[in-house]
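Take a look at the structure below.
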Amino acid sequence: MATTVINGGLGYGYWMLAARSAPQSTVGTATALISAATAVSMGANLGAGHMFIQRLPGSDAGSWSRIVSGGLIFGAAVTAAAATLVAVTAPAVADNFGFLDGFAGAAALVCAAVAVTLTTLLDNVYVAHRAGQGMLLRNLALAAGKIVTLGVLAAGTQPGGALGAGAVVLSWTLPILVVSAYSMASGPRRLMPGARLRAAGISAELPHLRASLTGHHLINLTQAGPAAVLPVLVTARLGADANAHFYLAWMTASMLFMVSPAVASALYAERTNAARVSLHRAAVVVGAVVGVPAVVLLVAGDRVLGLFSAGYADGGGTLLKILVIAALPDAVTNLAVAHWRSRGEFRRCRRLNAVRAASCLVLTWLLLPGSGVTGAGIAWLAGQTGSALLVVLVAVSNRPAAGARCCLGGSKEACVCGLVPDGDDAATRRV
């Protein structure tokens with residue numbers, strides 16, 4: 001939870017500094033490239049992160065080294081290849097992605113996408129070990145590093161000058177790569193004594209990565225993919241300038257959207273480690289953390305965006321309020337998916353997330369031309385609300401009969417439901 005606060009608060013400070021150091025067009029181009037890099041990483045990281053959570057607990061040093069090395073190397077390689085393909089094809093498909101044309105744009109996209117993949121997978125290594133403090137320190141270092149790097153670059157500009165989009169992207173990407181490199185060098189010996197990252201033997205991980213593609217990766221892709229793709233659609237339909245308004249409102253609301261996925265990952269990790277954690281407890285944690293910030297953003301969202309500039313408040317104030325409201329149904333779906341995933345019900349997770357993703361993205365594409373960036377918020381709210389209603393329908397249809405009760409932790413096989421007295425001898429039976 002502290003990691004979520006750090007990412008949200010320092011990320012907000014970083015983009016505020018960027019908005020005050022660069023013109024809106026520059027911020028729009030930088031956020032469009034970073035959005036594209038995030039979307040590429042989301043599609044190409046092979047789902048190795050949740051594979052780490054599933055397989056690392058209980059593994060020996062040799063297996064740990066092979067699992068983590070294989071996930072990081074193959075995930076980064078596929079991400080780099082996918083980013084290169086996008087850099088080559090996107091400018092030809094959409095004129096608004098012309099900033100990717102040429103070596104500099106392609107290199108920036110590849111580096112940013114690989115950086116996102118590495119930091120995402122490394123965070124999941126810490127989650128797998130229930131070592132939240134390590135993830136907190138990593139994210140604190142890279143978030144502070146972004147601000148420091150951007151400040152140094154801004155201070156180096158000529159008087160009256162402004163930062164270029166390349167400088168903003170560099171300040172965002174470089175700290176992630178540096179912190180990720182340090183984590184890969186020092187993390188193994190802290191998390192698993194005797195383990196080390198190496199390329200030897202990682203081919204044995206290919207069958208596991210293929211299995212992860214059809215299991216965890218499709219769930220992750222349909223769950224978090226729309227959030228990564230939404231800014232890309234805004235850029236494609238409305239241009240980079242409009243994406244600046246959308247991205248800063250989206251980034252502000254993401255302080256709420258980051259909470260339920262963080263709790264959901266922790267819930268899955270705890271149950272993988274055979275801990276009994278109830279869905280109710282996870283929901284209480286989400287509500288306690290999200291409640292006050294959500295009220296603040298609903299009441300004073302325009303003034304919060306106004307800290308960037310008056311133009312950002314005018315362009316994204318209504319959008320921000322819609323996104324804040326959407327955080328509630330989004331949390332319902334994320335926690336439900338984590339619960340079903342811990343029970344091995346991957347098909348149900350994929351189907352629910354597929355419906356949510358398709359509805360969000362299709363509605364966004366249709367609404368953007370007529371409603372501007374606010375249309376993306378309306379589409380997001382509609383998709384999240386629809387998926388939350390489906391969760392409720394599934395819960396109601398699967399509700400135990402009267403007198404039975406069902407536990408909420410552990411695997412489906414380990415779940416003993418409805419141990420109720422049967423007769424005067426107090427013997428029990430399984431319902």
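The values are calculated or read from the model by the stated rules, or taken from the named source; none is laboratory data. Just so it is clear, the structure is predicted and the values come from calculations on it, not from any experiment. Because the Cβ atoms are built from the backbone with ideal geometry, glycine has one as well, and the counts that use them run over all protein chains shown.
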(message) Taking the conditions exactly as written (modelled with pLDDT of 85 or more, surrounded by fewer than 20 Cβ atoms within 10 Å (Cβ to Cβ) and among the hydrophobic types (A, V, I, L, M, F, W, C)), does L17 satisfy them or not?
(response) yes
(request) Given the conditions (1) over 27 Å from T4 (Cβ atoms); (2) buried (at least 18 other Cβ atoms within 10 Å of the Cβ); (3) polar (S, T, N, Q), report the number of the one that T149 does not fulfil. (result) (1)
(request) Pairs only if they're at least six apart or on different chains, beta carbon under 8 angstrom, first in region 1-29 and among the charged types (D, E, K, R), second modelled with pLDDT under 85; list them, first residue then second. (result) R20/F308; R20/S309
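Table: residues versus (1) small (G, A, S); (2) crowded, with 18+ Cβ neighbours inside 10 Å.
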{"site": "A61", "(1), (2)": "yes, no"}
{"site": "I67", "(1), (2)": "no, yes"}
{"site": "G70", "(1), (2)": "yes, yes"}
{"site": "A82", "(1), (2)": "yes, yes"}
{"site": "A87", "(1), (2)": "yes, yes"}
(message) Looking only at region 193-226, filter to residues that are modelled with pLDDT of 80 or more and touching a Pro at 6+ places or on another chain (Cβ under 9 Å); which one of those is surrounded by the most Cβ atoms within 10 Å (Cβ to Cβ)?
(response) A195
(message) Residues that are farther than 22 Å from A227 by Cα and of a type in the set (V, I, T): list the helices (runs of 4 or more DSSP H) wholly contained in region 254-370 that include at least 2 such residues.
(response) 279-306
(request) Just give me the residues in region 107-135 being closer than 16 Å to L191 by Cβ and among the small types (G, A, S), in sequence order. (result) A128, A131, G132, G134
(message) For the list (1) farther than 20 Å from C349 by Cβ; (2) part of a helix (DSSP H, G or I); (3) touching a residue at least 24 places away in the same chain (Cβ under 8 Å), I need the number of the one condition that P207 fails.
(response) (3)
(request) Give the number of residues within region 48-73 that are in a helix (DSSP H, G or I), in contact with a Phe, Trp or Tyr (Cβ under 8 Å, 6 or more places away or on another chain) and either over 23 Å from A266 (Cβ atoms) or of a type in the set (A, V, I, L, M, F, W, C) (or both). (result) 4
(request) Output the residues belonging to region 35-47 that are part of a helix (DSSP H, G or I) and small (G, A, S). (result) S35, A36, A37, A39, S41, G43, A44
(message) For region 116-134, check the following and say yes or no: at least one residue is over 25 Å from T4 (Cα atoms) and modelled with pLDDT of 90 or more.
(response) no
(message) Quick check on L140: is it surrounded by 22 or more Cβ atoms within 10 Å (Cβ to Cβ), among the aliphatic types (A, V, I, L, M) and in a helix (DSSP H, G or I)?
(response) no
(message) If I ask for residues that are part of a loop (DSSP other than H, G, I, E, B) and under 30 Å from I67 (Cα atoms), which ones from region 148-195 would you list?
(response) M192, P193, G194, A195
(request) Taking the residues in region 271-303 that are buried (at least 20 other Cβ atoms within 10 Å of the Cβ) and under 16 Å from F246 (Cα atoms) as candidates, determine which candidate is nearest to the chain's Cα centre (by Cα). (result) L297
